[in-house]
Amino acid sequence: MQRRTLVVLGVVLFAAALLWLIFAVWPDWLIDAIGRKKTFVTTLLNGVTLGGLYFLVASGFTLVFGLMRNVNLAHGSMYLLGGYIGYEVAEATGSWFFGLAVAFLVIAVSGILLQVAIFRRMEGDELRQTLVTIGISIIAADLMLAVWTGTTYQFDTPEGLYGAVVLPVISVIKSSGAPVFIKYPMYRLTVLGVAVAVGIGLWVFLNRTRVGMMVRAGVNDREMLAASGVNVQLVFALVFAIGAGLAGFAGVVGGTALSIAPGEDIRYLLASLVVVIVGGLGSVTGAAIGALLIGLAEQFGLAYFPTYAVVLTFVIMVGVLAIRPQGIMGTR
Amino acid sequence: MFGAAGKSSAYPLGINPAILLVAVFLLGYPLFASDFFTFQIGAYSLILGTIALSLTMLAGYGGMVSLAQMTVAGFAAYVMAILGTNSVGVMGLGWPWWLTAAIAILGAALLSTFIGAISARTEGIYTIMITLAIAVAFFYFVRQNYVIFNGFTGFAGIEPPTLFGVYWRDPMPFYYLCLAVAAFFYFAVLYGSRSSFGLGLQAVRDNPRRVRALGINVFSHRVVAYFYAGAIAGTAGVLLVWFNGRVSPGLVGVDMVIDILVIAVIGGLGAPIGPFLGAVAFVLLENFAIDLIDRERFNTVIGLAFLLIVLFSPDGMLGLWRRAESRIRLPRANALWGARANRDDWHSASSPKRM
């Protein structure tokens, strides 16, 4: 009881400090200590939106693992392939949203194929499944390099999401007394909104629908679910399709926020790995917490101590593993 | 020939003529091979094989598939460049080679121990994920860090010493140096696998819970295994930096990390000869695939080879050889071999049981 009170107190104090940092006009000593307020707020927003993007990628990864115990190390390749396909379709049709839909569907179908052709054939042999997906990601990376070369692609931001919004956050007050507000790209805020929407959607799907109930039952006891008359393979294929599709979806969303190029597959695979290790394998809530932590750590690292930014991510991972080897929300 | 040596691994100093033949071949190889084959193929295969041997040791005997072994070797290579001399003008403290090499190997072993301590509380696929994350994080770290690791450029001009009047980067001496190191660790792993520590490690692989119940410390067995594997990989890393003369983030990039896994798996994780077989196949393919297909598509070829091996012969080339041999020699004993193969199968042994 005592400990809990302390934790709650800590959280409240932290939240209050954060809100003060965001909304108050910074006094001079604080600016001297950690730099301009604009840098801080922009970094914070960058971190949160990057966390949203990481959540989109990692939630599919963790969903697939939670139900089927399949570690799909080709997940990063699916992200990149989704980005490329979305780009091609968006270029051809001129509609970004159509590209997004096609990327989701194509990658979802490729996920089903992977599940049927590979994972179903070696069920229960986790290590071998992992190795197979490594093989697939090697080939996929090389073939994508052959088709789309080493060029960096950049989506056109879709109509209506262009430009910057003025946030109700004052960065400094000019000597004339006029406040300067902080601006932030509209599209990045949308990414955050989409991530939150997907997170809520997944929660509703898993907790409030019949199929979601089957999925949760499958996570707890696969054999028992099959014994009670559910076509488990169908549920598996569906979950794999959603998980893979989310990676393709994230490929377009992330490719627009940043860019798509060879090597991004590894970057997002690393992000997914660290996010689910920190958050706990198989937990969507854990993926959200982990994604937020890693996104913030990465951006604050880049802004405040660039040469050691990766170390911060790494320290978080090691710290979590040392205290809770199963991850923050993980269960064994 | 190689396979026979692998199979008779039960008596490494024994009288099997196949072993003698292999030994004579390996010792006499530079006498008839060209400089290119001695250095680029022979020595490089031995170095990669030694790094992969450290993975085979962890995965085959310990059931821990660590993808960070290349990172450990790369760390040793970086230490050589940082503490020794390089031509880039960043770091390069100019310490004597023997001190640098000793520190590099010890440092690699300690890094490996640290990685082991992080990942050894988890099992199976968690180990793969954590070690892969560590490997990729190390890659991004050395690429971003210009103060110590000189970022994207890395280091160049790292030379082996001239000792006893021999310049050790000349193909023939370097080949023998690599051969000596590889043979030393090969026999060390063979010997270690039958020591009480090695047997304990294999017991940990097969059933951690039972071993724990016997009062053996599972965690420390695993971490010590990581220490030894780190020493092996670190020594190979020192050779690798002498071989390349340079070290950059590409050396510890995901491609190389995965290549070591590919080598170990293609060769077979069942016996310490496996990684060397895999390394020879890999290096030959890397150098001569260009004649068959576009050089650019090398990764597709090696990826397909890896995929086929994992799909159809999980115990690698060693497994292919054993099956072929048993089919030729002992058609009736197939069932027996099958049972044996199952017992030795590292997958069934190392995949974590759901509790």
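The values are calculated or read from the model by the stated rules, or taken from the named source; none is laboratory data. None of the values given here were measured: they were computed from a predicted structure. Backbone-built Cβ (ideal geometry, glycine too); neighbour counts: all protein chains shown.
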Name the residues in the stretch B:237-281 that are assigned to a loop (DSSP other than H, G, I, E, B), over 10 Å from the mean Cα position of the chain (by Cα) and not aliphatic (A, V, I, L, M), would you? B:245, B:248, B:253, B:268, B:270
For residue A:235: the one exception among (1) more than 9 Å from every other protein chain (Cβ to nearest Cβ); (2) more than 21 Å from the chain's Cα centre (by Cα); (3) without any contact (Cβ under 8 Å) to a residue 24 or more places away in the chain: (3)
Would you be able to tell me the number of residues in the stretch A:26-56 that are touching a Ser or Thr at 6+ places or on another chain (Cβ under 8 Å) and either over 23 Å from residue A:194 (Cα atoms) or modelled with pLDDT of 90 or more (or both)? 4
Is there a residue in the stretch A:34-43 that is surrounded by 12 or more Cβ atoms within 10 Å (Cβ to Cβ) and among the small types (Gly, Ala, Ser)? yes
With (1) surrounded by 19 or more Cβ atoms within 10 Å (Cβ to Cβ); (2) within 14 Å of chain B (Cβ to nearest Cβ); (3) not polar (S, T, N, Q) as the list, and residue A:89 as the residue in question, which single condition is left unmet? (2)
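When the stretch B:62-75 is examined, which residues are found to be in a helix (DSSP H, G or I) and modelled with pLDDT under 90?
Filtering the stretch B:62-75 down to residues in a helix (DSSP H, G or I) leaves B:62, B:69-75.
Residue satisfying the conditions is B:62 alone.
Suppose we filter B:128, B:118 for residues that are within 14 Å of chain A (Cβ to nearest Cβ), under 20 Å from residue B:220 (Cβ atoms), assigned to a helix (DSSP H, G or I) and out of contact with any Gly (no Cβ under 6 Å at 6 or more places or on another chain); which single one remains?
On the way: B:128 fails: under 20 Å from residue B:220 (Cβ atoms).
Sole residue among the options that is within 14 Å of chain A (Cβ to nearest Cβ), under 20 Å from residue B:220 (Cβ atoms), assigned to a helix (DSSP H, G or I) and out of contact with any Gly (no Cβ under 6 Å at 6 or more places or on another chain): B:118.
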Can you name the residue in the stretch B:301-318 that is small (Gly, Ala, Ser) and surrounded by fewer than 22 Cβ atoms within 10 Å (Cβ to Cβ) and is also nearest to the other protein chains (Cβ to nearest Cβ) among such residues? B:305
Report whether or not residue B:112 is closer than 20 Å to residue A:319 by Cα, polar (S, T, N, Q) and at pLDDT 90 or above. yes
If I filter the stretch B:139-197 down to residues being closer than 17 Å to residue B:97 by Cβ and assigned to a helix (DSSP H, G or I), which single residue comes out as farthest from the chain's Cα centre (by Cα)? B:173
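Among A:318, A:274, A:219, which is among the β-branched types (Val, Ile, Thr), within 14 Å of another protein chain (Cβ to nearest Cβ), assigned to a helix (DSSP H, G or I) and free of Cβ contacts under 8 Å to residues at least 12 places away in the same chain?
Numbers: A:274 fails: free of Cβ contacts under 8 Å to residues at least 12 places away in the same chain; A:219 fails: free of Cβ contacts under 8 Å to residues at least 12 places away in the same chain.
A:318 is the lone residue from the list that is among the β-branched types (Val, Ile, Thr), within 14 Å of another protein chain (Cβ to nearest Cβ), assigned to a helix (DSSP H, G or I) and free of Cβ contacts under 8 Å to residues at least 12 places away in the same chain.
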Which one is nearest to the other protein chains (Cβ to nearest Cβ), of the residues in the stretch B:93-115 that are in contact with a helix residue (DSSP H, G or I) (Cβ under 7 Å, 6 or more places away or on another chain) and over 22 Å from residue B:228 (Cβ atoms)? B:93
Could you give every pair whose Cβ atoms fall below 9 Å, whose first residue belongs to the stretch A:133-148 and is at the interface with another protein chain (Cβ under 7 Å from one of its Cβ atoms) and in contact (Cβ under 8 Å) with a residue 40 or more places away in the chain, and whose second residue is of a type in the set (Phe, Trp, Tyr) and part of a helix (DSSP H, G or I), counting only separations of at least 6 or pairs across chains? A:134/B:306
Looking at residue A:248 and the list (1) over 29 Å from residue B:124 (Cα atoms); (2) at pLDDT 90 or above, which single condition is not satisfied? (1)
Looking at the stretch B:279-295, is at least one residue in contact (Cβ under 8 Å) with a residue 40 or more places away in the chain, crowded, with 22+ Cβ neighbours inside 10 Å and either within 11 Å of another protein chain (Cβ to nearest Cβ) or not hydrophobic (A, V, I, L, M, F, W, C) (or both)? no
Quick check on my filter: what residues within the stretch B:229-273 are surrounded by fewer than 24 Cβ atoms within 10 Å (Cβ to Cβ) and either of a type in the set (Gly, Ala, Ser) or more than 24 Å from residue A:266 (Cβ to Cβ) (or both)? B:231, B:242, B:243, B:245, B:248, B:250, B:253, B:270
Can you name the residue in the stretch A:58-86 that is farther than 19 Å from residue A:284 by Cα and surrounded by fewer than 24 Cβ atoms within 10 Å (Cβ to Cβ) and, of all such residues, is nearest to the other protein chains (Cβ to nearest Cβ)? A:84
Could you list, ordered by first residue, the pairs with Cβ atoms under 7 Å in which the first is in the stretch B:137-161 and at the interface with chain A (Cβ under 9 Å from one of its Cβ atoms) and over 17 Å from residue B:91 (Cα atoms) and the second is buried (at least 18 other Cβ atoms within 10 Å of the Cβ) and hydroxyl-bearing (Ser, Thr, Tyr), at least 6 apart or interchain? B:137/A:313; B:138/B:71
